[in-house]
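The values are calculated or read from the model by the stated rules, or taken from the named source; none is laboratory data. These numbers were taken from a predicted model, which means no experiment stands behind them. Cβ: placed from backbone, ideal geometry, glycine included. Neighbour counts: every protein chain shown.
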């Protein structure tokens, strides 16, 4: 007879990993089911590879042809936390109550004071570096010292200040001092290839590995979950999975199930879990599952800082982006709802894809590229999307993947407010670069949309008719089913979501363990 | 160094003080890089190779173009950095690029014949540069195609310039020697920069 766990968690990234660790530490027996293989940050990533180590100059994510973090699904224990850029921002009251403030989108069923203790707990556990900047729309947390700004960041900060635009140190879940179990960042600059010393947070080294020592956490890798099972008594009873290597089917039974396999895949899994009680997908009596898909939309501006053209190259790759343009739009007159934030990349990089866009050819061209190498800057702008009916997550019933499961498609359509935010954030980047006398290399186009940070599709809310989950990430329909990842966001904010996903997971963990103590999970 | 037991205790003490489970910097020395498993593909300057896609005659034109785009100066140029081999590899795996290159290589010779009476490789360096100057104006200044820069030639030039830049600046010669990239080292602390008037 298969063992019965207290909680079965599908997925092992920021949501699943945090939830698993918190539950195990609180005395709950946890099974984590992950579709990909175990990943060892010390040996499995090409952190220090350079492009010319490979014939096609493309550095593969996994060493030695190993299966794993090769796609958007980021299958592998640790999920996308292995490859993230580690920006760790708190959401603000303005983010949680955006609808109340400007009438667009939806409010969260909780507010900043509900989240603040959980943000703090997570920051203390994982280590976040940053400054306390005292901004209204970007609450300060508990921080390690940030690395210094690069010279390009300082120039932009100076010029942005003349325009009344703030530029601050970014806040990242990367250790700038060693912890008891993880080394400090050594600024090799290849964070998103996987950090080989786990200075950058990942859910294995920082959350699950320590929790394994409780003896209450079991990880089932290479197990692709195809269905969350639900009984006729309306209780989630566990999951069915397919073993990635053998194709064998298996089941894990538990008293509570939490789905945390990243926004789009989590919604897909619930939609696939059709049953007599839930013919339209599990926990979908509201019909809201898959709706309100609100990923961040991006714009980008690339160019060169005049003051740095032709300067000597110094090793300032750092931990990629050191500077951030935080939300300030609410302080001025504007014709759109919500706001934007900008990640600012300066300093040298091992990738120089921009060189192909530098004009000319021959010795002049070669010199032009060389002079611009230390001066290159990218502004990556993130805007908040307002939910609309054309943006949704759905099963694509015409196509199946290698495991015979329907593919999941996510469609995002930008509307008028998005256009206005897009123009404003692009203009801010262009203005700053022009103020510093820089050269503009390229500006992205609104009509060629790019999205990042999948969010929404399984939103929380206080009304079960218009939302899927309550404020503890628990299903309105099924009392022992939780969803803990970016899909739960009712409004996206412009801020990078991962710290909030972890804080929500910690909050859900408290709720789950309380309910075990009260006997509600029998 | 804080022991694990102490560290967990401090983690558990949420909200008491701003006490981090972080010690001083004594762990830096523990960072040892495991060897990278990718085989180094550095191309020795002048090393011959067997093209997978281009004919020997085409390879000569591609190599000439690559070296006109990124010539040897005080550092080696595109051919010495193995760019033709890289272009051959990429085009071999991309049917769309194959069509662009097949048509473009033919078109280039046709334009060379029309303008200067010989195939591209037989032109003087000044004539070759003149042809590329017409093409680069069309790509950089987004000018409409002309007789001297027909659409096929322009698309081809855009493609080969892009691949030459990609291949060169991802080579050891391009990235390390020409650009002076030195970012992959281990720093105990990130340097402090200052700028005037800040």
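Could you grab me the full set of residues in region A:333-355 that are assigned to a loop (DSSP other than H, G, I, E, B), away from chain B (no Cβ under 13 Å) and touching a residue at least 12 places away in the same chain (Cβ under 8 Å)? Explain how you work it out, then say what you get.
Of region A:333-355, the ones assigned to a loop (DSSP other than H, G, I, E, B) are A:333-339, A:346-352.
Filter once more, keeping what is away from chain B (no Cβ under 13 Å): A:333-339.
Matches in region A:333-355: A:334, A:335, A:336, A:337, A:338, A:339.
Restricting to region A:45-60, and then to whatever is surrounded by 21 or more Cβ atoms within 10 Å (Cβ to Cβ) and over 16 Å from residue A:352 (Cα atoms), can you tell me which residue is farthest from the other protein chains (Cβ to nearest Cβ)?
A:45
What do you reckon, is residue B:159 touching a residue at least 12 places away in the same chain (Cβ under 8 Å) and either within 9 Å of chain A (Cβ to nearest Cβ) or not in a helix (DSSP H, G or I) (or both)?
no
Just to be sure, is residue A:81 buried (at least 22 other Cβ atoms within 10 Å of the Cβ) and assigned to a loop (DSSP other than H, G, I, E, B)?
no
Confirm whether residue A:279 is buried (at least 22 other Cβ atoms within 10 Å of the Cβ) and either away from chain B (no Cβ under 14 Å) or at pLDDT below 95 (or both). Working first, answer last.
Working: buried (at least 22 other Cβ atoms within 10 Å of the Cβ): no; either away from chain B (no Cβ under 14 Å) or at pLDDT below 95 (or both): yes.
Against the criterion (buried (at least 22 other Cβ atoms within 10 Å of the Cβ) and either away from chain B (no Cβ under 14 Å) or at pLDDT below 95 (or both)), residue A:279 does not qualify.
Tell me which residues, restricted to region B:176-188, are touching a helix residue (DSSP H, G or I) at 6+ places or on another chain (Cβ under 9 Å) and more than 7 Å from chain A (Cβ to nearest Cβ).
Result: B:176, B:188.
What's the number of the condition residue A:318 fails, among (1) in a loop (DSSP other than H, G, I, E, B); (2) more than 8 Å from chain B (Cβ to nearest Cβ); (3) buried (at least 18 other Cβ atoms within 10 Å of the Cβ)?
The one condition residue A:318 does not meet is (2).
Please enumerate the residues belonging to region A:187-211 that are assigned to a loop (DSSP other than H, G, I, E, B) and more than 14 Å from chain B (Cβ to nearest Cβ).
A:202
Given A:447, A:510, which one is within 23 Å of the chain's Cα centre (by Cα) and either part of a loop (DSSP other than H, G, I, E, B) or at pLDDT 95 or above (or both)?
Among A:447, A:510, only A:510 is within 23 Å of the chain's Cα centre (by Cα) and either part of a loop (DSSP other than H, G, I, E, B) or at pLDDT 95 or above (or both).
So, restricting to strands (runs of 3 or more DSSP E) that lie completely within region A:219-278, which ones have at least 3 residues that are over 22 Å from the mean Cα position of the chain (by Cα) and within 21 Å of residue A:69 (Cβ to Cβ)?
A:236-243
Select from region A:122-139 the residues that are within 12 Å of another protein chain (Cβ to nearest Cβ) and more than 14 Å from residue A:502 (Cβ to Cβ) and write down the one among them that is surrounded by the most Cβ atoms within 10 Å (Cβ to Cβ).
Start the filter on region A:122-139 by keeping residues that are within 12 Å of another protein chain (Cβ to nearest Cβ), which leaves A:122-129, A:132.
If we keep only those that are more than 14 Å from residue A:502 (Cβ to Cβ) as well, we get A:129, A:132.
Numbers: A:129: 23, A:132: 12.
Among those that are within 12 Å of another protein chain (Cβ to nearest Cβ) and more than 14 Å from residue A:502 (Cβ to Cβ), it is A:129.
For the condition within 12 Å of chain B (Cβ to nearest Cβ), surrounded by fewer than 20 Cβ atoms within 10 Å (Cβ to Cβ), modelled with pLDDT under 95 and farther than 21 Å from residue A:397 by Cβ, what is the one hit in A:214, A:181?
On inspection, the qualifying residue turns out to be A:181.
Within region A:104-118, work out how many residues are more than 12 Å from residue A:472 (Cβ to Cβ) and surrounded by fewer than 18 Cβ atoms within 10 Å (Cβ to Cβ).
Result for region A:104-118: 7.
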